[in-house]
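See structure below.
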Amino acid sequence: MTVMEQRGAYRPSPPPAWQPRTDPAPLLPDAQPYRVLGTEAAAQADPGLLRRLYAELVRGRRYNAQATALTKQGRLAVYPSSTGQEACEVAAALALKDRDWLFPSYRDTLAAVARGLDPVQALTLLRGDWHTGYDPHEHRVAPLCTPLATQLPHAVGLAHAARLKGDDVVALALVGDGGTSEGDFHEALNFAAVWQAPVVFLVQNNGFAISVPLAKQTAAPSLAHKAVGYGMPGRLVDGNDAAAVHEVLSDAVRHARAGGGPTLVEAITYRVDAHTNADDATRYRGDAEVQAWREHDPILLLEHELTERGLLDEAGKQAARDAAETMAADLRERMNQDPVLDPMDLFDHVYAEPTPQLREQRAQLQAEIDAEGTH
């Protein structure tokens, strides 16, 4: 008789009862993008905030147009326009406190300007000048990030470190729909959720990763649904509705600051201009598609709401345009001035304390410059 026969037939026991660690239902985004303008919720919106959003949108549109013109004049090497996406850019900047941090991508110069950065400094990197062009710590704006999505893990790291130190800081990281196809995006979301880091991710879904439409990048119901797989809330919002984007981001920032952890926000918007001045968008999309989105323009949407509520008249519109034109004229004048370049800048800000090799190289270059000067 075998041991099994002695003990009786083996009967596998059922597995222990399994329950998901988190109920996924509260994390799921709405079926449709959240809107404020043109709905009953608009009546509850702060008139002062709406006016400020409008002024910033008008200024942002003029900023985009002026920066694009500067590329044609050779004053900028490249410019990735955010025309059509201004509501996302402005709302992201205004949803943060002064102590918070903004982590922009290369397309988010307008967000940095709306946060208070000098427009010329915001464009310094894009004109091929040295370093970032501004002090990130002073402005709480991380360097404009050209590699896709690499700023997201940085935002998570800063937010997690701030929480460990007891600092009341939230990081807001901007990324495009193309950036969600990068490994950095997924790693950042995973770490943020595991650590419950006070960080907000804003995906500006503008329809294309250069020429690649979203349908060729993901089969997910929405990019906001990706949040559930990492254990954080996903929000879906109309990215051309400035009031809605500001409300959703402000809620997410408050949630993160209160210890609730990260949120992924997907804003449905559209890149009206080409990817950059070096791109020919007519090769992969038609005029009818662009025109349809022009009719859902963020400035027109907010202007209509303000006018209907008696909060904006022709004088107010003209004042916003005049202020935007003043900004553009100042930007144009200062960008037309050639920067003063010092070769010694090559060695600044590489290390906190220059290495012996850097000191040697600096001395060698200085000697060569001095020798040229004597001739």
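Please treat every number below as a calculation from the coordinates, not as lab data. The structure displayed is predicted, hence computed values, not measured ones. Counting neighbours? That spans all protein chains shown, and the Cβs are built from the backbone with ideal geometry, glycine included.
Build a GNM of the chain with springs between Cα atoms under 10 Å: which of R99, R115, R257 gets the top mean-square fluctuation?
Looking only at R99, R115, R257, the largest GNM fluctuation is found for R99.
Students often check this: by mean Cβ neighbours within 10 Å, which of 54-60, 145-151 ranks highest, and how do the rest follow?
Ranking the peptides 54-60, 145-151 by packing returns 54-60, 145-151.
Nearest-5 percent of antiparallel DSSP beta bridges in the chain?
Of the beta bridges lying entirely in the chain, close to 10 percent run antiparallel.
Only counting other Cβ atoms within 10 Å, I'd like Y10, Y284, Y34 sorted with the fewest neighbours first.
Final ranking by Cβ density, sparse to dense: Y10, Y284, Y34.
Sorted by packing (mean other beta-carbon atoms within 10 Å per residue), highest first, where do 135-144, 38-47 land?
Going from most to least packed, we get 135-144, 38-47.
Below 14 angstrom from the Cβ of Q217, what's the summed charge of the other residues (Lys, Arg +1; Asp, Glu -1)?
Details: positive: K216, K226; negative: D177, E182, E266.
Taking every Cβ under 14 Å from that of Q217, the sum is -1.
For the residue pair S250 and T326, what label-to-label distance in nm results when each label sits 7 Å from Cα along the Cα-to-beta-carbon direction?
2.6
Exactly which GluC sites (Glu not before Pro) in region 261-297 are in a DSSP loop and have at most 15 other Cβ atoms within 10 Å?
Passing sites in region 261-297 are E295.
Given only helices, namely DSSP H runs of n ≥ 4 each adding -39500 (n - 2.57), what is the per-residue ellipticity at 222 nm of the chain, to the nearest 500 deg cm²/dmol?
Value at 222 nm, helices only, nearest 500: -13000 deg cm²/dmol.
Taking θ as phi - 60°, what are the ³J(HN,Hα) couplings along region 275-285 by the Karplus curve (6.51, -1.76, 1.60), each to the nearest whole Hz, with x for Gly and Pro?
3, 8, 5, 8, 10, 10, 5, 5, 6, 9, 8
Give me the distance in nm between label points sitting 7 Å out from Cα along the Cα-to-Cβ direction at D345 and R257, one decimal.
3.6
Looking at region 257-375 from every direction and averaging, what is the projected area of its Cα convex hull in nm²?
Projected area, direction-averaged: 17.1 nm².
Assuming 0.36 nm per residue, please report the length gained on full extension of the stretch E308 to D370 beyond their Cα-Cα distance.
Numbers: separation 62, 0.36 × 62 = 22.32 nm, distance 6.75 nm.
Extending this stretch completely gives an extra 15.6 nm.
Could you list D251, D238, D30 in order of exposure, starting from the residue whose Cβ has the fewest other Cβ atoms within 10 Å?
Numbers: D251 16, D238 24, D30 12.
Sorted ascending by nearby Cβ count, the order is D30, D251, D238.
Can you tell me what the convex hull of the Cα atoms of the chain projects to on average, as an area in nm²?
Orientation-averaged projected area of the Cα hull: 29.9 nm².
Using Cβ counts within 10 Å as a stand-in for footprinting exposure, how do L28, L50 rank, fewest first?
Going from sparsest to densest Cβ surroundings: L28, L50.
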